[in-house]
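Below you'll find the structure, written out as structure tokens, and then a few comments.
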There are 2 protein chains.
Amino acid sequence: MNVENEGSGAKNVYLGAIEAGGTKFVCAVGDRNGNVRERVTFPTTTPEETMRHVIDFFRQYDLSALGIGSFGPVDLNRNSATYGYITSTPKQKWANFNFVGEMKRHLNVPIGFDTDVNAAALGEHLWGAAQGLDSCIYITVGTGIGVGAIVENQLLHGLTHPEMGHILIRRHPDDPFPGNCPFHGDCLEGMASGPAIEKRWGKKGAELAGRTEVWELEAFYLAQSIANYILILSPEKIIIGGGVMKQEQLLPNIRRHVIDFLHGYVQHETILQHIDEYIVSPGLGDNAGICGALALAIQALDKQ
Amino acid sequence: MNVENEGSGAKNVYLGAIEAGGTKFVCAVGDRNGNVRERVTFPTTTPEETMRHVIDFFRQYDLSALGIGSFGPVDLNRNSATYGYITSTPKQKWANFNFVGEMKRHLNVPIGFDTDVNAAALGEHLWGAAQGLDSCIYITVGTGIGVGAIVENQLLHGLTHPEMGHILIRRHPDDPFPGNCPFHGDCLEGMASGPAIEKRWGKKGAELAGRTEVWELEAFYLAQSIANYILILSPEKIIIGGGVMKQEQLLPNIRRHVIDFLHGYVQHETILQHIDEYIVSPGLGDNAGICGALALAIQALDKQ
């Protein structure tokens, strides 16, 4: 009897995906083409509680591989004793949590592991706005600011994973806000994350939709950082998502400021003439992260 | 008769290398192991004159391939009609010069072509301070500031080549110098190149050796940029050379400021405990560029 053809709810062969965020975990099963068949969400509470839900969900399926895109910082060095751990996160309960080890203990399948933003960049590269290109960056602007990158068709890693949300930026001369990054004060995340907006203006971003000065300043900081990402990484596509980007006036403002900051130095028609197609919203919408985790599962399966 | 064994000065089989700089061209012949057998230097005057010397030099050898590391900007897009050109350089006589085409016309061999700093990064990666690592950046601080990068064992390219010397930086509050970059004013190159030092202090760097405030400020700007390169690229080794770095007090100052700027955020022992081995001088000394051009010749030969 072939249970797969019985429609009996019996086990099927699937790829698993986890988008592990600071407020919620998205878990999904899908296939090689990026199709998500089933998808659930659990709140991020304690590792014990959240992981129990996660494992119970995946136990329903006969997984071939699992991909995890996780909030961080995470240890991605395969030669390290703490490979696969969430390391020094300010979320105390999750600090030094052996994420890959815990999943491996329950589901003995190949596991791909990377940052949430690297996963999203990979998803957009395979199936979204950067399909067919050799490079892209994926920026998320929300509770924090994170950036993942594909360079020469590979996810960008190095000594550690990049932490592009924390680059040092030039303050706007009329902005007295000191910044709220616990490490750097007025780095990009300290000046332009969702909580920074709320602290500076006294209201959440969603309640400030009509205040053009809010989004002009936000665009100034994001565009300045994007100009530096362009000068350093030269990506072929810049994809920008996250809760703060739901403000639709923001993206056109960012494009305009990027042109200003570069000041004609990068002579490429993509930037000079087609910036509307260069700096874009995610092609996968809010699914970039979970699709990217699925892509990490595919990579893990193909590598074994 | 085997002329190669006669020591008769007849043609031998060699790889050619050109390090094309704004003030001089270094031309060399060497082998697969990075050994330079012969090396000459010509002043950078007009394309006609300089290239005549270059071609006369290489005609003495039976080259198998040629590598060129060139000042820029250059067009590295193989699908572009102007691939292999020096493009919009402020050196008027060299703007829109078809460098690869001109060499191909005279020496019909495979040609590797990249920026001078990417070549130097490749040289250091193969034979210098970054041997055995997957990533590194090579920074030169001289007449201009340029940076080349190896990421995941490949030279970093994208939409164009990176232009990391022109990133936007935060000004030192006590520095009134407006910057001298014709594009951006006070970008990194505008604030910290050799000519910027000379213009700010009224003397050349070499004459300011005893003025600690000069090198403290220079380190502030370079370290700030290096902190951003670390946050964006996460290189496993940072190699910094060029004329300005001949000031020996500069490198320790830079390391100290990098630690300050990162403020404990990148938790890696290489940065926190071994920064003296992380930010270093070129392992190949002044030969990084020409050895890197040789490496480009090897890549071109292996690719054909």
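The values are calculated or read from the model by the stated rules, or taken from the named source; none is laboratory data. Note that this is a predicted model, so its numbers are computed, not measured. Glycine gets a Cβ as well: all are built from the backbone with ideal geometry, and neighbour counts include every protein chain shown.
Among the listed residues A:GLY146, A:GLY165, identify the single one that is modelled with pLDDT of 95 or more, surrounded by fewer than 24 Cβ atoms within 10 Å (Cβ to Cβ), outside the structural domain of A:ILE298 (by TED's automatic domain parsing) and closer than 16 Å to A:GLY69 by Cβ.
A:GLY165
Conditions tested, residue by residue: (1) surrounded by 22 or more Cβ atoms within 10 Å (Cβ to Cβ); (2) in contact with a strand residue (DSSP E or B) (Cβ under 8 Å, 6 or more places away or on another chain); (3) in the same structural domain as B:THR41 (by TED's automatic domain parsing).
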site	(1), (2), (3)
B:GLY205	yes, no, no
B:GLU213	no, no, no
B:GLU216	no, no, no
B:LEU231	yes, no, no
B:ASP276	no, no, no
B:CYS291	yes, yes, yes
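Can you confirm whether B:SER234 is within 14 Å of chain A (Cβ to nearest Cβ), touching a helix residue (DSSP H, G or I) at 6+ places or on another chain (Cβ under 8 Å) and among the small types (Gly, Ala, Ser)?
Against the criterion (within 14 Å of chain A (Cβ to nearest Cβ), touching a helix residue (DSSP H, G or I) at 6+ places or on another chain (Cβ under 8 Å) and among the small types (Gly, Ala, Ser)), B:SER234 does not qualify.
Just one of the numbered conditions (1) closer than 30 Å to A:HIS125 by Cβ; (2) at pLDDT below 95 is not true of B:ALA206; which one?
Going through the list (1) closer than 30 Å to A:HIS125 by Cβ; (2) at pLDDT below 95, B:ALA206 breaks only (1).
Quick one: B:GLY101 ticks every box in (1) under 19 Å from B:LEU296 (Cα atoms); (2) at pLDDT 95 or above; (3) crowded, with 19+ Cβ neighbours inside 10 Å bar one, so which box is it?
Condition not satisfied by B:GLY101: (3).
Within the stretch A:3-16, is there a residue that is part of a helix (DSSP H, G or I), modelled with pLDDT under 95 and not β-branched (Val, Ile, Thr)?
yes
Just to be sure, is B:THR212 of a type in the set (Ser, Thr, Tyr), more than 14 Å from chain A (Cβ to nearest Cβ) and in contact (Cβ under 8 Å) with a residue 12 or more places away in the chain?
Yes.
Could you list, in sequence order, all residues of the stretch B:247-274 that are of a type in the set (Val, Ile, Thr) and at pLDDT 95 or above?
B:ILE254, B:VAL258, B:ILE259 - these are the residues of the stretch B:247-274 that are of a type in the set (Val, Ile, Thr) and at pLDDT 95 or above.
Find the residue count for the stretch A:172-191, including only residues that are surrounded by fewer than 16 Cβ atoms within 10 Å (Cβ to Cβ) and either within 14 Å of the chain's Cα centre (by Cα) or over 23 Å from B:LEU272 (Cβ atoms) (or both).
Within the stretch A:172-191, residues that are surrounded by fewer than 16 Cβ atoms within 10 Å (Cβ to Cβ) and either within 14 Å of the chain's Cα centre (by Cα) or over 23 Å from B:LEU272 (Cβ atoms) (or both) number 6.
Mind listing whichever residues of the stretch B:61-85 are β-branched (Val, Ile, Thr), surrounded by 15 or more Cβ atoms within 10 Å (Cβ to Cβ) and under 22 Å from A:GLU236 (Cβ atoms)?
Result: B:VAL74, single match.
Quick one: how many residues across the stretch B:241-256 are aliphatic (A, V, I, L, M) and surrounded by 23 or more Cβ atoms within 10 Å (Cβ to Cβ)?
Total satisfying the criteria: 2.
Select from the stretch B:260-273 the residues that are within 11 Å of chain A (Cβ to nearest Cβ) and part of a loop (DSSP other than H, G, I, E, B) and write down the one among them that is farthest from A:GLU189 (Cα to Cα).
This residue is B:HIS268.
Do we have A:ALA219 as away from chain B (no Cβ under 14 Å), in contact (Cβ under 8 Å) with a residue 24 or more places away in the chain and within 27 Å of B:GLY264 (Cα to Cα) here?
No.
Kindly indicate whether B:ASN118 is crowded, with 17+ Cβ neighbours inside 10 Å, more than 9 Å from chain A (Cβ to nearest Cβ) and under 23 Å from A:LEU133 (Cα atoms).
For B:ASN118, the condition - crowded, with 17+ Cβ neighbours inside 10 Å, more than 9 Å from chain A (Cβ to nearest Cβ) and under 23 Å from A:LEU133 (Cα atoms) - is met.
Could you tell me whether B:LEU122 is within 26 Å of B:SER234 (Cβ to Cβ), assigned to a loop (DSSP other than H, G, I, E, B) and within 21 Å of the chain's Cα centre (by Cα)?
no
Within the stretch A:156-180, count every residue that is facing chain B (nearest Cβ under 7 Å) and outside any loop (DSSP other than H, G, I, E, B).
Residues that pass the stated criteria total 3.
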